[in-house]
Number of protein chains: 2
Amino acid sequence: MAGSFYPPQRTLMGPGPSDMNPRTTLALSRPIIGHLDPLFVQMMDEIKSKLQYAFQTTNTLTLPISGPGSAGMEACFVNLVEPNDKVIVCQNGVFGGRMKENVIRCGAKPIMIEDTWGTPVDLNKVEDAFKKNGDVKAVAFVQAETSTGVQSDAKAIADLACKYTSLTIMDSVTSLGGTPVKVDEWSIDAVYSGTQKCLSCIPGLSPVTFSEAAQAVIVGRKTQVQSWFLDMNLIMGYWGSNAKRAYHHTAPINPLYALHEALCILEEEGLENAWKRHQYHHEALVAGLEAMGLSMLVKEEHRLPQLNSIKIPDGVDEAKVRNRLLNEFQLEIGAGLGPLAGKIWRIGLMGHSASQRNVLYCLNSLESVLLTEGVPVPSGAAIKAALAEYQN
Amino acid sequence: MAGSFYPPQRTLMGPGPSDMNPRTTLALSRPIIGHLDPLFVQMMDEIKSKLQYAFQTTNTLTLPISGPGSAGMEACFVNLVEPNDKVIVCQNGVFGGRMKENVIRCGAKPIMIEDTWGTPVDLNKVEDAFKKNGDVKAVAFVQAETSTGVQSDAKAIADLACKYTSLTIMDSVTSLGGTPVKVDEWSIDAVYSGTQKCLSCIPGLSPVTFSEAAQAVIVGRKTQVQSWFLDMNLIMGYWGSNAKRAYHHTAPINPLYALHEALCILEEEGLENAWKRHQYHHEALVAGLEAMGLSMLVKEEHRLPQLNSIKIPDGVDEAKVRNRLLNEFQLEIGAGLGPLAGKIWRIGLMGHSASQRNVLYCLNSLESVLLTEGVPVPSGAAIKAALAEYQN
């Protein structure tokens with residue numbers, strides 16, 4: 001039988017998980033206590049309030065679902081959507097497709113709006129869909145498409161939803177902590193996120209928040225939520241503010257220690273500083289990549305600083321480059337998915353990974369590998385351009 | 001804003017989580033790597049094979065669901081049960097009631113068999129239910145009821161299911177690693193468990209295993225699985241043995257390091273030795289409790305060694321006793337649930353908590369608190385009886 005597993009130390013610059021701050025990693029190993037222990041319950045309250053800060057909301061129903069981002073996504077859909085509801089789903093990457101699957105499995109009708117991968121959600125199409133379809137229950141969209149590196153205009157989509165009295169469901173898995181997520185200011189009704197991206201915690205938890213309007217919809221459902229595990233009516237009893245906590249499931253104790261610590265780190269830095277830091281390192285990375293002769297998939301105005309999609313130069317064996325980076329440099333970058341498989345690399349600058357050390361290491365490593373793979377890269381140009389950008 | 005959270009060091013002898021082996025706790029803090037990293041994928045394969053050992057099965061579809069036990073429960077139901085199916089649900093505690101909820105939310109019909117809390121599933125009632133209802137899709141039962149400390153006869157229930165050509169769904173959350181779970185020998189079709197009980201890992205993962213027959217049912221469904229997150233058709237693609245792993249969700253990396261380590265520890269000890277150890281410490285604990293004048297809820301032949309339900313003596317403020325144990329002795333024991341609330345305490349001897357140190361510490365602490373609460377406990381008798389039992 002295989003013995004203990006000792007992972008190597010990688011530098012994580014893929015689409016997530018990201019590098020973790022050692023404080024967060026060590027928080028995982030603090031002593032386990034009971035999930036109904038008064039001290040644990042107090043920590044749960046602190047996590048709720050720290051997540052309200054991260055989401056920029058006063059929503060009382062703000063908590064981490066005990067599962068990965070896809071469980072958080074499902075929590076939003078199964079709680080808000082009932083059979084035969086119409087839901088506008090904006091698809092411009094992998095995760096919009098997953099939303100469609102969720103709508104169908106709720107017995108509801110997805111109204112699909114499709115945009116080319118690498119471009120943002122087209123607002124005109126969203127408005128057309130509202131005009132053509134009366135009685136839309138919700139519009140669902142991905143704020144930050146991890147599969148392409150594109151940011152869509154969350155506020156504008158929410159304004160349309162408001163105009164046509166529809167709920168909004170937003171995927172902020174890759175945005176939370178990296179780029180602005182202003183749930184109250186934008187009036188978003190249901191948002192789910194992940195912990196392994198710009199929060200730099202482990203995967204396996206999904207912060208969610210529901211507006212008052214969304215809560216009213218959940219409480220007033222005609223049908224029962226099809227998932228017992230994700231039924232917010234029950235989860236509210238466990239995470240709720242009433243003195244008597246009802247046992248629902250056993251929360252993943254130590255991962256929540258880590259999330260608490262990651263959120264402390266975010267507070268100490270300040271949300272706006274964190275957003276600025278992501279943008280700052282993104283600009284240096286892009287300057288370096290372009291100086292190397294590489295080009296970005298996404299137009300500048302729609303780029304996510306935390307997820308950089310780079311077109312693969314002609315004739316390059318893209319998997320070999322990634323494998324060499326991983327095996328020789330212990331550096332992980334991401335591959336393309338779906339129609340972008342084989343066409344892009346995805347370089348993440350998420351949370352703790354958004355640092356000058358990582359930017360320079362990545363540029364140098366990629367340059368070394370591309371040079372030995374026969375790509376005519378101007379030697380040293382990338383670092384020079386990145387450093388110049390940093391000095392701007 | 002609240003700063004970092006530093007939990008105290010508790011001794012965990014409630015219904016789970018249990019104390020963790022320091023090896024497992026420290027495994028949590030190993031460096032994070034990507035969830036599609038070849039080394040991580042290799043570790044996933046090792047976990048599958050170690051879980052096959054723990055479950056005593058050769059089932060290829062054996063893996064940890066990325067959520068707590070209630071997600072594992074839901075995975076079994078939503079994958080095997082379709083609308084209008086009939087499912088016999090044996091309820092003799094909290095978790096049978098949860099199974100009923102799952103059956104209803106699948107649009108299926110639960111046929112309830114109810115037994116008094118504190119007693120095992122009555123096999124005659126199960127057979128009667130099969131006789132009265134043709135075409136039963138599955139029988140679902142809890143092998144080890146955490147809410148009462150009762151063990152039911154899994155093999156006998158599975159034999160009945162076989163006789164009436166029904167599937168079996170078994171809850172082994174509290175049994176796995178503590179008392180025999182022989183999936184292949186007993187022919188159980190779907191089993192889910194938890195990691196925070198006798199495996200002494202953190203909560204948040206749910207090992208599951210599905211027989212060939214169960215897999216055939218999943219693949220041959222008429223309707224789509226209502227949960228995208230828990231659809232085994234998709235999860236098989238991520239955890240499957242084919243060379244090309246399909247991205248489904250991001251596995252909770254570091255918690256899986258801990259599960260891997262916990263399973264290494266189980267292998268080193270050997271399953272049968274682990275079962276014997278639980279029984280050994282259980283007998284000493286019971287000898288001590290009885291010497292103190294306390295009595296057990298469950299008849300000896302149906303007792304789970306890992307979960308000991310004790311009747312609360314008349315006139316004792318049970319919550320005060322638990323709170324004093326927690327605050328003065330840093331010792332957690334469990335309260336009763338449902339009809340047993342206020343009537344029993346639940347003392348867990350699960351995994352790493354099943355040790356002589358914990359048994360003696362618990363007896364001494366409980367004696368001290370009961371004495372100062374005015375309960376006429378014969379001083380020193382508990383430890384004497386427990387030590388005598390250990391020397392037997």
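With its label point put 7 Å out from Cα toward Cβ, A:D159 sits 7.2 nm from the same residue's point in the other copies, in order from shortest. Placing unit charges on each Cβ (+1 for Lys and Arg, -1 for Asp and Glu) gives the protein assembly as shown a dipole about its Cα centre, and among B:M20, B:I218, B:A156 the Cα reaching farthest toward its positive end belongs to B:I218.
If you wrap the protein assembly as shown in the convex hull of its Cα atoms and look at it from every side, the mean projected area works out to 32.5 nm². Using the Cβ-Cβ distance between A:Q224 and A:L387 with R0 set to 45 Å, the FRET efficiency from 1/(1 + (r/R0)^6) comes to roughly 0.15. Per the Debye calculation on chain B with a single equal scatterer at every Cα and no solvent contribution, log₁₀ I(q)/I(0) for q = 0.12, 0.15 Å⁻¹ amounts to -0.93, -1.33.
Between copies, the label points of B:M112, set 7 Å from Cα on the Cα→Cβ line, lie 4.3 nm apart, reported in increasing order to one decimal in nanometres. When the charge dipole of chain A is built from unit charges on Cβ atoms (+1 for Lys and Arg, -1 for Asp and Glu) and taken about the Cα centre, the candidate among A:A258, A:V359, A:W239 whose Cα reaches farthest toward its positive end is A:W239.
Across peptide A:256-263, the mean count of Cβ atoms from other chains lying within 10 Å of each residue's own Cβ comes to 3.
Think of each Lys and Arg Cβ as +1 and each Asp and Glu Cβ as -1; about the Cα centre, that makes the dipole of the protein assembly as shown roughly 480 debye. Going by neighbour counts of Cβ atoms within 10 Å, the residues B:M73, A:M350, A:M43 line up, fewest first, as A:M43, A:M350, B:M73.
Peptide A:218-227 is shielded by partner chain Cβ atoms: per residue, an average of 2 of them sit within 10 Å of its Cβ. Taking Cα pairs under 8 Å and at least six residues apart, what relative contact order does chain A come out at, in percent? Once normalised by length, the contact order is 23 percent.
Region A:1-160 has equivalent-ellipsoid semi-axes of 35, 21, 16 Å, by the square roots of 5 times the alpha carbon gyration tensor eigenvalues, sorted largest first.
As a calculated quantity, the FRET efficiency between A:M112 and B:T372 at R0 = 41 Å, using C-beta atoms, amounts to about 0.05. When chain B is treated as a GNM with alpha-carbon contacts under 10 Å, the residue of B:I265, B:I32, B:I65 showing the greatest mean-square fluctuation is B:I32. When B:M170, A:M99 are sorted by how many other C-beta atoms sit within 10 angstrom of their C-beta, beginning with the fewest, the order is A:M99, B:M170. The dipole here belongs to region A:52-113: it is taken about the Cα centre, uses +1 on the Cβ of Lys and Arg and -1 on the Cβ of Asp and Glu, and is about 140 debye. With a/c under 1.5 counting as rounded, go ahead and sort region A:188-283 into rounded, prolate or oblate using the C-alpha gyration tensor (a ≥ b ≥ c being the square roots of the eigenvalues; past the cut-off, prolate if a/b is larger than b/c, else oblate). It comes out prolate by the Cα gyration axes. Of the cross-linked pairs A:K100/B:K222; B:K299/B:K343; A:K100/A:K320, which ones have a Cα-Cα span greater than 26 Å in the structure shown? In this structure, A:K100/A:K320 exceed 26 Å between Cα atoms. Label-point spacing for A:G97 across the identical copies (point 7 Å from Cα in the Cβ direction), in nm and ascending order: 4.3. With viscosity 1.306 mPa s and temperature 10 °C, the Kirkwood radius over alpha carbon pairs of region A:250-303 converts through Stokes-Einstein to a diffusion coefficient of 114 µm²/s. Charge tally around A:N84: other residues with Cβ under 14 Å, Lys/Arg +1 each, Asp/Glu -1 each, net +3.
As a length-normalised measure over Cα pairs under 8 Å and 6 or more apart, the relative contact order of region A:58-205 settles at 24 percent. Counting, for every residue in B:194-206, the Cβ atoms of other protein chains within 10 Å of its Cβ and taking the mean gives 4.
Here region A:251-344 is treated with +1 on each Lys and Arg Cβ and -1 on each Asp and Glu Cβ, and its dipole about the Cα centre works out to around 380 debye. Note on A:S49 and A:N124: the model spin-label points, each 7 Å out from Cα along the C-beta direction, lie 4.8 nm apart. Once the Cβ-Cβ distance of B:R245 and A:N133 is raised to the sixth power relative to R0 = 35 Å, the FRET efficiency obtained is 0.40. The residue among B:L387, B:L326, B:G288 whose Cα reaches farthest toward the positive pole of the charge dipole of region B:271-391, with charges on the beta-carbon of Lys, Arg, Asp and Glu, is B:L326. Only aspartates and glutamates eight or more places from B:K86 in sequence, or on another chain, were considered; those with a Cα closer than 12 Å are B:D135.
The angle separating the long axis of helix B:38-55 from the principal Cα axis of greatest extent in chain B is about 70 degrees. Of all alpha-carbon pairs in region B:296-378, indicate the percentage at a distance above 19 angstrom. Distances greater than 19 Å cover 37 percent of the Cα pairs.
Ellipsoid semi-axes for region B:212-360, based on the Cα gyration tensor and the rule √(5λ), read 40, 20, 17 Å when sorted largest first. As a proxy for reagent exposure, ranking B:D153, B:D317 by other Cβ atoms within 10 Å from fewest up yields B:D317, B:D153.
None of the figures in this text is laboratory data; all of them are computed from the coordinates on show. This structure is a prediction, so every number in the text was calculated from the model and none was measured. Backbone-built Cβ (ideal geometry, glycine too); neighbour counts: all protein chains shown.
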